[in-house]
Every structure is written in C-alpha cells, then in structure tokens.
Amino acid sequence: MSNFEVWRAADPVSAGKIGAEIISKTIINKPDCLLGLATGSTPVPVYKELVLQHKKEALDFSKVRTVNLDEYVGLPADHPQSYHHFMMDNLFRHININLQNTRIPDGMATDLSAHCDQYEQQIKKWNGIDLQLLGIGLNGHIGFNEPASVFTRRTHLTNLTESTRKANQRFFTSIDEVPRQAITMGIGTIMAASQILLVCTGVKKADILERTFFGPIDPMVPASVLQFHQHVTVVADDAAVKTILQKHPEFTD
Ligand code: PGA
C-alpha cells in the first residue's frame with residue numbers, strides 16, 4: 001500500500017475540506033493544471049470548500065482546465081439532472097474559471113462514438129490529467145465504469161446497471177426518468193491521471209471501500225484497479241473506514 005496516502009476525516013464536510021486542500025495545492029503548484037472532476041453527492045462539500053477558497057483566499061482558476069468523468073446520454077446541458085448543470089451549479093458559476101477551458105461529455109452528441117474519441121484527443125492535447133477526483137459507487141464503479149468493465153478502455157458509451165439507476169433515482173421523480181446510458185471516461189483514461197483523489201464518505205460505502213483496497217483486483221469491483229495506480233490519495237470519513245479499520249487498523253496510520 002506504499003502508493004497510497006490516506007486521510008481520515010470526521011464527517012463528509014471535513015472530508016470535503018481535506019479534498020479541496022489537495023486540489024488547491026495542485027492548482028497553486030501548477031496554475032494551468034488539468035483537473036479531472038466528478039459529480040454525485042460526495043464531491044459537493046469539496047466544491048463548496050473550493051468556492052470558499054476562491055472567494056476568501058483568491059484561489060485562482062483562471063488558467064485551470066477541467067474534464068469531467070461522465071454525463072448521461074439524452075439529457076441536454078440545461079436539464080437539472082445533467083452533469084453540465086451540476087458543474088455550473090456547484091462550481092463553475094462561483095469561480096473565475098474560463099468555461100472554454102472546461103469539458104464535460106456531451107450526452108446529446110449526434111455521433112456519440114466520434115464524440116468519445118474527440119474527448120480523449122482533448123485530454124491528450126491538454127497533456128493528460130494532473131489530478132483526477134473520484135467518488136465511488138455502491139457497486140464499486142468509478143465514473144460510470146460499471147462492474148465487468150474492461151480496465152484498458154478509454155472514453156466510451158456505456159449502459160448503466162440497475163443498481164446505479166436505483167442509486168441515482170433519488171435525483172429524478174421516477175426510475176423511468178433515469179437515463180439508461182452514459183458517456184464515461186474509461187478506466188484506462190482514469191488510470192492515466194498522474195494522481196487520483198478518491199473521496200469516500202458514509203457508512204453505506206464502508207464495505208465497497210474495503211473491497212476496493214483489500215480485496216482482489218477484480219473487474220467486478222472496478223475501483224479495485226486503483227491498487228495498481230502509483231499515486232492514490234484516499235480521503236474517507238470515520239463512517240466509511242469503519243469496516244476497514246476492524247480488519248486493517250493500519251489503514252489510516
Ligand atoms: P455519490 O456517487 O457520491 O452520489 O455517492 C458516487 C458515484 O456513484 O460515483
């Protein structure tokens with residue numbers, strides 16, 4: 001586990017502060033860094049803290065570039081549940097980022113496969129991701145790389161599992177409204193990032209976090225591939241590390 005650094009936080013808000021601190025250090029060291037960003041509930045406190053640092057400490061996003069992990073297919077950018085909307089709402093409209101320097105997959109693209117290739121080209125043109133922020137799904141997905149994903153894949157179109165659609169149903173009025181497909185960076189794209197910042201909070205994630213770092217590296221637990229990455233920083237709250245600490249008390253030392 002020498003390639004892992006683990007930060008333990010009391011709760012999701014504290015985890016957000018630690019996560020934001022790691023991101024802001026990256027920005028200060030490299031003002032035109034390429035950040036890989038994530039959506040979902042977990043990164044919300046991270047973005048809140050980054051916004052605060054921008055407002056109070058003038059954290060400067062003017063040269064920062066960003067690429068998001070994923071987007072639902074079929075939701076236009078102005079749909080309240082689209083990840084375009086999420087990013088504007090939670091981060092972009094509160095900071096001095098140049099929107100020309102941000103990319104989110106376009107779930108409305110007419111040629112989705114060509115769009116995925118262009119997305120990869122853009123990441124290459126920007127010299128690769130310096131730091132990739134990740135949450136983790138209850139089924140171990142990262143981005144929308146669901147169980148049984150191929151570890152080498154790049155950005156692609158994917159079908160969402162019923163477990164993910166159910167987990168995300170809380171944001172929609174009914175399960176039928178939850179899209180069935182998404183565009184996601186592949187595990188190959190994520191693994192090519194120089195640094196991974198995995199934030200994991202809440203007791204519901206305790207078991208999958210343990211399987212991620214202490215189980216076999218298994219495509220059925222996509223996040224377990226992170227055991228192969230050379231620079232992973234995990235920020236987890238007390239509830240999320242509960243199962244791990246029962247068996248591996250050294251995890252947060
Ligand atoms: P969550 O989602 O942060 O809303 O739990 C994480 C994920 O599905 O990657």
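Since every read-out is calculated from the coordinates, none of them should be taken as a lab result. What you see is a predicted model; the values in this text were computed from it and never measured. Glycine also receives a Cβ, built like all others from the backbone with ideal geometry; neighbour counts cover every protein chain displayed.
Can you tell me which of 155, 201, 189 is within 27 Å of residue 227 (Cβ to Cβ), surrounded by 17 or more Cβ atoms within 10 Å (Cβ to Cβ) and within 13 Å of the ligand (Cβ to nearest atom)? So that I can check it myself, show each step before the final result.
On the way: 155 fails: within 13 Å of the ligand (Cβ to nearest atom); 189 fails: within 13 Å of the ligand (Cβ to nearest atom).
Answer to the check: 201.
Residues satisfying the criterion are absent from the stretch 37-44 (criterion: buried (at least 18 other Cβ atoms within 10 Å of the Cβ) and more than 15 Å from the ligand (Cβ to nearest atom)).
Say whether the condition of being free of Cβ contacts under 8 Å to residues at least 24 places away in the same chain and assigned to a loop (DSSP other than H, G, I, E, B) is met by at least one residue in the stretch 153-169. Spell out how you get there, then give the answer.
Within the stretch 153-169, the subset free of Cβ contacts under 8 Å to residues at least 24 places away in the same chain is 159-162, 165-166, 168-169.
With the extra rule that they be assigned to a loop (DSSP other than H, G, I, E, B), the set shrinks to 160-161.
For the stretch 153-169, residues free of Cβ contacts under 8 Å to residues at least 24 places away in the same chain and assigned to a loop (DSSP other than H, G, I, E, B): present.
Of everything in the stretch 213-224, what is crowded, with 18+ Cβ neighbours inside 10 Å and either within 12 Å of the ligand (Cβ to nearest atom) or farther than 12 Å from residue 140 by Cα (or both)? Give them in sequence order. Spell out how you get there, then give the answer.
Of all residues in the stretch 213-224, those crowded, with 18+ Cβ neighbours inside 10 Å come to 213, 221-224.
Matches in the stretch 213-224: 222, 223.
Evaluate the following for residue 167: is it buried (at least 23 other Cβ atoms within 10 Å of the Cβ) and either closer than 25 Å to residue 212 by Cβ or more than 16 Å from the ligand (Cβ to nearest atom) (or both)?
Working: buried (at least 23 other Cβ atoms within 10 Å of the Cβ): no; either closer than 25 Å to residue 212 by Cβ or more than 16 Å from the ligand (Cβ to nearest atom) (or both): yes.
No: the conditions fail for residue 167.
Quick one: would you say residue 101 is under 27 Å from residue 60 (Cβ atoms) and surrounded by fewer than 16 Cβ atoms within 10 Å (Cβ to Cβ)?
On the way: under 27 Å from residue 60 (Cβ atoms): yes; surrounded by fewer than 16 Cβ atoms within 10 Å (Cβ to Cβ): no.
So residue 101 fails the test.
The residue that is farthest from the ligand (Cβ to nearest atom), among those in the stretch 100-152 that are touching a residue at least 40 places away in the same chain (Cβ under 8 Å) and in a strand (DSSP E or B), is 131.
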